[in-house]
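In what follows, a structure is listed as structure tokens, so that the remarks can point back to it.
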Amino acid sequence: MAVHAHPDDESSKGAATMARYADEGHEVLVVTLTGGERGSILNPAMDTPGVLERIDEIRREEMAEAARALGVRQHWLGYVDSGLPEGDPLPPLPEGSFALVPLEESTEALVRVIREFRPHVMTTYDENGGYPHPDHIRCHEVSMAAFAAAGDPERFPDAGEPWTPLKIYYDHGFTLGRLEAFAAEYAKLGEPFPLQEWYDRMREYRSGRPDGLSRVTTRVECAKYFPQRDDALRAHATQIDPNGVFFAIPMEMQQRLWPTEEFELAQSRVPTTLPETDLFAGIEDEIQ
């Protein structure tokens, strides 16, 4: 079970890993906490009359197409996108938005889905949300609370039969180390790096902070499924520009230089040896 804040997050974070496990016969469910109603239209080709007025419906259609591309199931938890506040000081979040919902309420809602789907593994974001969007931070808080509560019969007794997930991971897909590998390859080729602006921003943001790569415990080989990942990204046409940064590095180069997706084992209820190459490491012996 992959828990994400908005539609399109599942396609930019751990998507190829999900596609691999679905292809190998595992049941994979994406839980999307909000409808992404306040997301901007980031693809100029989609910024046309009538799109913004139908954004709720369009984002649901996009999510369905992305799930088909990855071969996974998807469930809406039903909360309203909080938006990304901007300004100094930051404005208050819109009333009724996901980040303002009491944690106990949203935790119970996610526990209900966990108990119904019965996952052995969950993925979510770290305590910083991957980046400090209020819905991403809340996604972390809700995921960790639900992971702790789902197996406890005294918590949320009306939310289904208790089920105890065995492992939960943080996604660490956007790392400086990954960009450095591609930048070095372009330097070797004597060509300009198409992600230079993104690279510079990342270096500035990471200045004095450890890179997420330093926290990685688990690298999943999934290069074969990068095309499905990209198809899922393109499905989110209001959010993803097909001429944008996600597609700037040639597929062959990505598969050759960085054929994995990275995760951090946050909690495990089964013995496992780090580093890992499989999110299910240690689980097979436990469930036999």
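The values are calculated or read from the model by the stated rules, or taken from the named source; none is laboratory data. It should be emphasised that the depicted structure is a prediction, and the values quoted were computed from it without experimental measurement. Neighbour counts run over all protein chains shown; Cβ positions are idealised from the backbone, glycine included.
Which of the residues that make up segment 110-127 are buried (at least 19 other Cβ atoms within 10 Å of the Cβ) and of a type in the set (A, V, I, L, M, F, W, C)?
Leu110, Val111, Val113, Ile114, Val121, Met122
Can you list residue pairs whose Cβ atoms sit under 7 Å apart, with the first residue in segment 119-144 being under 17 Å from His75 (Cα atoms) and the second being in a strand (DSSP E or B) and among the acidic types (Asp, Glu)? Count only pairs 6 or more apart in sequence or on different chains.
Partner pairs satisfying both residue conditions: Thr123/Asp171.
Name the residue that is surrounded by the most Cβ atoms within 10 Å (Cβ to Cβ), counting only residues in segment 165-215 that are under 30 Å from Arg112 (Cβ atoms) and of a type in the set (A, V, I, L, M, F, W, C).
Looking at the filtered set, the residue picked out is Ile168.
Going through segment 239-288 one residue at a time, which ones are within 17 Å of Gly14 (Cβ to Cβ), out of contact with any Phe, Trp or Tyr (no Cβ under 6 Å at 6 or more places or on another chain) and of a type in the set (Gly, Ala, Ser)?
The answer is Ala281, and nothing else.
So which residues in segment 187-241 are among the aliphatic types (A, V, I, L, M), in contact (Cβ under 8 Å) with a residue 60 or more places away in the chain and farther than 30 Å from Asp56 by Cα?
Val220, Ala223
When you look at Ala223, is it over 16 Å from the mean Cα position of the chain (by Cα), within 24 Å of Gly282 (Cα to Cα), surrounded by fewer than 22 Cβ atoms within 10 Å (Cβ to Cβ) and among the hydrophobic types (A, V, I, L, M, F, W, C), yes or no?
Yes; evaluated as a whole, the condition is true for this residue.
Within the set of pairs 6+ apart or on separate chains, which have a first residue in segment 269-288 that is more than 14 Å from Leu166 (Cα to Cα), a second that is among the acidic types (Asp, Glu), and C-beta atoms under 8 Å apart?
From residues that are more than 14 Å from Leu166 (Cα to Cα), the pairs are Thr277/Glu221.
Could you give me the residue pairs with C-beta distances under 8 Å whose first residue belongs to segment 65-78 and is under 20 Å from Pro119 (Cα atoms), whose second residue is among the hydroxyl-bearing types (Ser, Thr, Tyr) and not in a helix (DSSP H, G or I) wherever it lies, and which are 6+ apart or on separate chains?
Filtered contacts from segment 65-78: Gln74/Thr32; His75/Thr32; Trp76/Thr32; Leu77/Thr32; Leu77/Thr34.
Tell me which of these Glu86 doesn't satisfy, since it passes every other one: (1) more than 20 Å from the chain's Cα centre (by Cα); (2) closer than 25 Å to Ser268 by Cβ.
In the conditions (1) more than 20 Å from the chain's Cα centre (by Cα); (2) closer than 25 Å to Ser268 by Cβ, Glu86 misses (2) alone.
Can you spot a residue in segment 241-261 that is surrounded by 20 or more Cβ atoms within 10 Å (Cβ to Cβ), under 30 Å from Val111 (Cα atoms) and at pLDDT below 95?
No, because not a single residue in segment 241-261 is surrounded by 20 or more Cβ atoms within 10 Å (Cβ to Cβ), under 30 Å from Val111 (Cα atoms) and at pLDDT below 95.
In segment 143-164, which residue that is under 21 Å from Ser97 (Cα atoms) and more than 14 Å from the chain's Cα centre (by Cα) is surrounded by the most Cβ atoms within 10 Å (Cβ to Cβ)?
That would be Ala146.
Given the residues Gly130, Gly87, Gly71, which is the only one that is surrounded by 14 or more Cβ atoms within 10 Å (Cβ to Cβ), on the phi > 0 side of the Ramachandran plot and modelled with pLDDT under 95?
Criteria check complete, one pass: Gly130.
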